[in-house]
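One structure below.
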Amino acid sequence: MKYICSRCKETEEVTTHKPKCHCGGLWKLDFIPPKFDTDLIDKDIWGLFRYRAFMPVIGDTWKDITLGEGMTPVIQFDEDVMLKMDYFMPTLSFKDRGAAMLIAHCKEIGVDSVVQDSSGNAGNSVAAYCAKAGIECEIFVPEGTSPKKIDMIEAHNAKVNIVPGSRDHCADVCRDKVDSEKKYYANHVYNPFFYEGTKTYIYEVYEQLNRIPKNIFVPLGNGTLFIGVIKGLEELLMSGIIKNMPNIIAVQSEYCDPFAKAVLNGETSPVKVIPKATMAEGIAIGIPMRGEEILEYIYQYNIEVIIAPEDKIIEARGMLAAKGVYCEHTTAASYAAYLNYCELKGKTSDCLISMCGAGFKSDH
């Protein structure tokens with residue numbers, strides 16, 4: 001198992017602390033799991049590492065890192081929509097899937113200090129798992145990040161740097177530190193081990209429902225869950241567990257939509273946009289670093305991209321809360337996008353939407 005550069009195709013050992021290839025390309029992971037088979041699931045483990053037969057797990061380090069993440073329920077919200085309750089996680093967001101896998105890898109290869117940039121949830125997750133692993137952690141967040149998310153990061157004894165300006169600028173500042181101080185970049189976009197955790201979202205859905213829903217709505221900013229969903233579905237396809245790819249609908253913010261604009265124009269790179277302030281802070285990524293890779297998936301699988309209208313996010317959040325589901329604004333944007341999709345396409349049944357983050361995290 002090695003890293004492969006997404007640009008020049010050179011390989012590198014996964015023990016490297018380099019955040020990317022010398023040519024600037026991001027790493028992909030040369031890892032092909034066995035065919036998915038429910039008999040290979042370790043049903044004695046109640047958590048995502050029950051699927052470790054299909055994950056690039058080295059040794060038993062994960063046992064000291066796990067916080068019980070995964071196995072979140074799928075609930076029937078109404079006759080057309082199911083919700084995957086991923087805010088039932090240790091740090092109240094789906095990012096725990098990737099952070100558990102990534103930090104287990106960091107511990108395995110001897111990393112003792114990491115830095116990371118985040119709009120909040122990934123920072124919470126990395127900070128929490130670093131705390132469990134005994135790894136020093138420093139998180140960079142953009143101004144305007146929910147104070148409660150910042151409080152959570154600091155509670156895990158991580159250092160927080162609040163960076164003026166956009167989410168993209170925050171990432172640039174963090175990467176400057178990575179380059180200048182040679183820190184390990186425990187980033188949910190750069191490091192492919194993170195996606196080996198988020199793909200368990202699909203494993204769980206299949207195990208829980210014994211099928212995959214026809215329509216899957218996935219928030220799309222940097223593509224952390226999006227790429228995981230694609231990877232998981234591809235593995236089910238290659239295993240013959242499912243016969244066809246479901247209809248995947250990627251959700252973008254009305255105020256930050258580089259992929260929606262790219263698809264509209266048939267572009268192979270995300271359109272450069274300047275994000276406006278949006279309640280969907282978690283997907284407000286103007287310069288997605290895996291943009292070309294994500295667009296390749298979009299065109300390969302005829303994935304639709306739908307906009308979450310900014311003026312409908314609060315309304316959607318209220319509709320969810322009125323039925324007992326209290327989620328954060330970015331998560332509500334996915335439901336707002338679903339409602340927008342139905343307005344455009346008509347009644348759409350057998351839909352799955354991820355409840356990515358808990359409500360109190362964005363009460364600001």
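The values are calculated or read from the model by the stated rules, or taken from the named source; none is laboratory data. All figures in this text were calculated on a predicted structure; none of them were measured in a lab. Glycine gets a Cβ as well: all are built from the backbone with ideal geometry, and neighbour counts include every protein chain shown.
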### Query
Which residues, counting only those in region 155-182, are among the charged types (D, E, K, R), surrounded by 13 or more Cβ atoms within 10 Å (Cβ to Cβ) and part of a helix (DSSP H, G or I)?
Arg167, Asp168, Asp172, Arg175, Lys177
### Query
So, in region 329-364, of the ones that are more than 25 Å from Ile212 (Cα to Cα) and of a type in the set (D, E, K, R), which residue ends up nearest to the chain's Cα centre (by Cα)?
Lys361
### Query
If only one of Ala284, Ala280 is in contact with a His (Cβ under 8 Å, 6 or more places away or on another chain) and either crowded, with 16+ Cβ neighbours inside 10 Å or under 21 Å from Leu344 (Cβ atoms) (or both), which one is it?
Ala280
### Message
What's the number of the only condition in (1) touching a strand residue (DSSP E or B) at 6+ places or on another chain (Cβ under 9 Å); (2) farther than 28 Å from Asn244 by Cα that Glu304 fails to meet?
### Response
(2)
### Task
Looking for whichever is in a helix (DSSP H, G or I), touching a helix residue (DSSP H, G or I) at 6+ places or on another chain (Cβ under 6 Å) and surrounded by fewer than 20 Cβ atoms within 10 Å (Cβ to Cβ) here; the options are Ala131, Ala53. Which one fits?
Ala53
### region 56-77, subset assigned to a loop (DSSP other than H, G, I, E, B) and charged (D, E, K, R), residue farthest from Arg211 (Cα to Cα)
Asp60
### Query
How about region 114-149: which of its residues are of a type in the set (A, V, I, L, M), more than 13 Å from Asn161 (Cα to Cα) and in contact (Cβ under 8 Å) with a residue 60 or more places away in the chain?
Val114, Ala122, Val126, Ala128, Ala133
## Note on the structure
With criteria (1) modelled with pLDDT of 95 or more; (2) in a loop (DSSP other than H, G, I, E, B), Asn340 comes up short on (2)
### Ile274 being part of a loop (DSSP other than H, G, I, E, B), surrounded by 24 or more Cβ atoms within 10 Å (Cβ to Cβ) and of a type in the set (Val, Ile, Thr)
no
#### Entry: In region 15-50, residue surrounded by the most Cβ atoms within 10 Å (Cβ to Cβ) [restricted to those that are among the aliphatic types (A, V, I, L, M) and part of a loop (DSSP other than H, G, I, E, B)]
Leu26
### Task
Identify the single condition in (1) surrounded by 21 or more Cβ atoms within 10 Å (Cβ to Cβ); (2) on the phi > 0 side of the Ramachandran plot that Asn187 does not satisfy, given that it satisfies every other one.
(2)
